[in-house]
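The values are calculated or read from the model by the stated rules, or taken from the named source; none is laboratory data. Since this is a predicted model, take the numbers as computed values, not measurements. Positions of Cβ are generated from backbone atoms using ideal geometry, with glycine treated the same way; all protein chains shown enter the neighbour counts.
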């Protein structure tokens, strides 16, 4: 399906609503967005759940959603291609992407993953190409990422796969596997993740709306981190495929990626120009961008 029909399919908001487009189904990575007291900040927000391939960065740029959830590297690539999208609030200060292996292999570092066996990952992603440049893939068999399916992992001790650190590893442990996870941030590739974004045009025309949204989201994340249970119960009704117990476990596991020394000093969701500059340089070196966007245009701390 082309982007245009996809955008048309996803952009049918209710009149008078401010639309927030998620890039996945309701789960703890979006807990603070569901907990946010939008109305007390003068907003009537409709949250649009997403799925694999939901083009949130394009939706925001095209105006089919006022806000959307994107990754920082996705935002940089979009800006380099002329899509004026701006990050306002970064939920995950440290990237939760990792490589999951069986602990019985006794691997010492992420580089050891690429010395033998099978590795399942999405080769087109910037972090995947960074791994290939750093360690090479010639000694392993690379297969496509199975998404959240861990069947192959459970059946092969030398099978490794990409994961979100608070997702597949927890599932694997519940299935009896002894798991070790190497964060992708270990190689220095650490983009902000689950970033609330707005179009530059909307930000310029409606700065008050952007400030209201950011304030509501920050308050929502504070509430969710302090007590996720009420919001988990609400999200479970929207995503019953995830158990109540898993909602609680994931909410707890993701806390260290959201609350860091940096966020405690600067405030939840705050971002730094240095982090954006590092990411832009990495994407330039990888060849993902030809035009280098200014780092200060990528984000706004409100």
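Quick one: would you say residue 109 is touching a residue at least 40 places away in the same chain (Cβ under 8 Å) and touching a helix residue (DSSP H, G or I) at 6+ places or on another chain (Cβ under 6 Å)?
No.
Working carefully through the options 251, 245, find the one that is closer than 18 Å to residue 69 by Cβ and out of contact with any strand residue (DSSP E or B) (no Cβ under 6 Å at 6 or more places or on another chain).
251
Which one is modelled with the highest pLDDT among residues in the stretch 1-25 that are in a loop (DSSP other than H, G, I, E, B) and loosely packed, with under 11 Cβ neighbours inside 10 Å?
The residue in question is 16.
Whether any residue in the stretch 80-92 is without any contact (Cβ under 8 Å) to a residue 24 or more places away in the chain and either in contact with a strand residue (DSSP E or B) (Cβ under 6 Å, 6 or more places away or on another chain) or more than 28 Å from residue 202 (Cβ to Cβ) (or both) is what I want to check.
Scanning the stretch 80-92, I find no residue that is without any contact (Cβ under 8 Å) to a residue 24 or more places away in the chain and either in contact with a strand residue (DSSP E or B) (Cβ under 6 Å, 6 or more places away or on another chain) or more than 28 Å from residue 202 (Cβ to Cβ) (or both), so the answer is no.
State yes or no: is residue 237 free of Cβ contacts under 8 Å to residues at least 12 places away in the same chain and either part of a helix (DSSP H, G or I) or in the same structural domain as residue 285 (by TED's automatic domain parsing) (or both)?
yes
Can you find even one residue in the stretch 163-173 that is modelled with pLDDT of 95 or more, within 30 Å of residue 84 (Cα to Cα) and within 17 Å of the chain's Cα centre (by Cα)?
yes
Hey, can you tell me all the residues within the stretch 153-173 that are over 13 Å from residue 101 (Cβ atoms) and surrounded by 13 or more Cβ atoms within 10 Å (Cβ to Cβ)?
Once the filter is applied, which keeps residues that are over 13 Å from residue 101 (Cβ atoms) and surrounded by 13 or more Cβ atoms within 10 Å (Cβ to Cβ), the stretch 153-173 yields 164, 166, 167, 170, 171.
Go through the stretch 188-216 and give me each residue that's part of a helix (DSSP H, G or I) and touching a helix residue (DSSP H, G or I) at 6+ places or on another chain (Cβ under 6 Å).
Listed by number, the residues that qualify are 203, 210, 212, 215, 216.
Do we find a residue being in contact (Cβ under 8 Å) with a residue 60 or more places away in the chain, assigned to a loop (DSSP other than H, G, I, E, B) and farther than 30 Å from residue 299 by Cβ anywhere in the stretch 173-183?
Among the residues of the stretch 173-183, at least one is in contact (Cβ under 8 Å) with a residue 60 or more places away in the chain, assigned to a loop (DSSP other than H, G, I, E, B) and farther than 30 Å from residue 299 by Cβ, which makes the answer yes.
Let me confirm something: among 207, 256, 230, which residue is in the same structural domain as residue 58 (by TED's automatic domain parsing) and within 18 Å of the chain's Cα centre (by Cα)?
The unique qualifying residue is 256.
Any idea which of 101, 76, 119 is in the same structural domain as residue 291 (by TED's automatic domain parsing) and in contact (Cβ under 8 Å) with a residue 40 or more places away in the chain?
76
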